[in-house]
Amino acid sequence: MVITPFKCIVCSKWKGEHHLGETLHFVDDSSTDLDICDECVEEAEESRKFEGAYARALYELDMDGMEEDYMSSEWGDYVALFGNWLLYCDSQGFVTAEEFRSVEAAVEHFTIIHDEGMGYHEEDATIYADNWGNYQVSFDGKHIANVRREDYENPLRRAKAIISVEMRKSGFFPNVWLTDDRTARRIEVW
Ligand SMILES: [Zn+2]
């Protein structure tokens, strides 16, 4: 009988194939299988921190800095991209993983989460809407204009124009966010 050994991605131990717990199929430039031993699978399933073995395996890759891209919100959530997988850590520290049918699909989902506010950073360009339809415009962390509703027919368009001019003047083209007290969403200014 020939035993094919594998190296567990979580505990880094070499084990015989009868100790193979789960295999995470991972697509990047090529196609890689990440093996997780039965002990580590069991440990992950019993833990309150990980949704399961796949989340545990990706978390290990993340600790090693193997993510292709990542983002974190000001509220403590974290998302990392690994080939066709996304890893999520919420602000409570709970870790989950999601598999996509392709790398492109994972990237697309990552971008959607980013643009829906996760990628928001105060030092980008921000148009803050107050409850009365006025807009506070900031750029590169500095407040640059207060666009009052009564002064313009379309105050939001005016706020966008201010940022667009500021970008061309400074040669700095940060993401632009439309925010209020609860949400942030990435927008285009032209
Ligand atoms: Zn292991």
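The values are calculated or read from the model by the stated rules, or taken from the named source; none is laboratory data. Nothing here was measured: the structure is a model prediction, and the numbers come from that model. Neighbour counts are summed over all protein chains in view; Cβ atoms, including those assigned to glycine, are modelled from backbone coordinates with ideal geometry.
Of all the residues that make up the stretch 46-63, how many are surrounded by fewer than 17 Cβ atoms within 10 Å (Cβ to Cβ) and within 15 Å of the ligand (Cβ to nearest atom)?
The total comes to 4.
Taking the stretch 152-190 as the search range and keeping residues that are small (Gly, Ala, Ser) and within 22 Å of Asn134 (Cβ to Cβ), which one is surrounded by the most Cβ atoms within 10 Å (Cβ to Cβ)?
Ala159
Could you say whether any residue in the stretch 30-43 is under 25 Å from the mean Cα position of the chain (by Cα) and in a loop (DSSP other than H, G, I, E, B)?
Yes, because at least one residue in the stretch 30-43 is under 25 Å from the mean Cα position of the chain (by Cα) and in a loop (DSSP other than H, G, I, E, B).
Under 6 Å between Cβ atoms, at least 6 apart or on separate chains: pull out the pairs that start in the stretch 23-37 with a residue that is more than 13 Å from Arg56 (Cβ to Cβ) and end on any residue that is more than 16 Å from the ligand (Cβ to nearest atom) and not in a strand (DSSP E or B).
These pairs meet every condition: Phe26/Gly83; Val27/Gly83; Val27/Asn84; Val27/Val103; Asp28/Gly83.
Report, by residue number, each residue of the stretch 58-88 that is closer than 19 Å to Thr23 by Cβ and in a helix (DSSP H, G or I).
Leu58, Tyr59, Glu60, Leu61, Asp62 - these are the residues of the stretch 58-88 that are closer than 19 Å to Thr23 by Cβ and in a helix (DSSP H, G or I).
Scan the strands (runs of 3 or more DSSP E) fully inside the stretch 89-187 and keep the ones with 1 or more residues being farther than 26 Å from Val79 by Cβ and not assigned by TED's automatic domain parsing to the domain that holds Asp29.
So the answer is 135-139, 142-147.
Among the residues of the stretch 73-82, are any within 16 Å of the ligand (Cβ to nearest atom), at pLDDT 95 or above and touching an Asp or Glu at 6+ places or on another chain (Cβ under 7 Å)?
No - not one qualifying residue is present in the stretch 73-82.
How many residues does the stretch 38-84 hold that are at positive phi and hydrophobic (A, V, I, L, M, F, W, C)?
0
Counting only residues that are more than 14 Å from the ligand (Cβ to nearest atom) and among the charged types (D, E, K, R), which one in the stretch 10-45 is nearest to Phe100 (Cα to Cα)?
The residue in question is Asp28.
Looking at Val147, Val176, Val165 in this structure, which one is in contact with a Pro (Cβ under 8 Å, 6 or more places away or on another chain) and aliphatic (A, V, I, L, M)?
On inspection, the qualifying residue turns out to be Val147.
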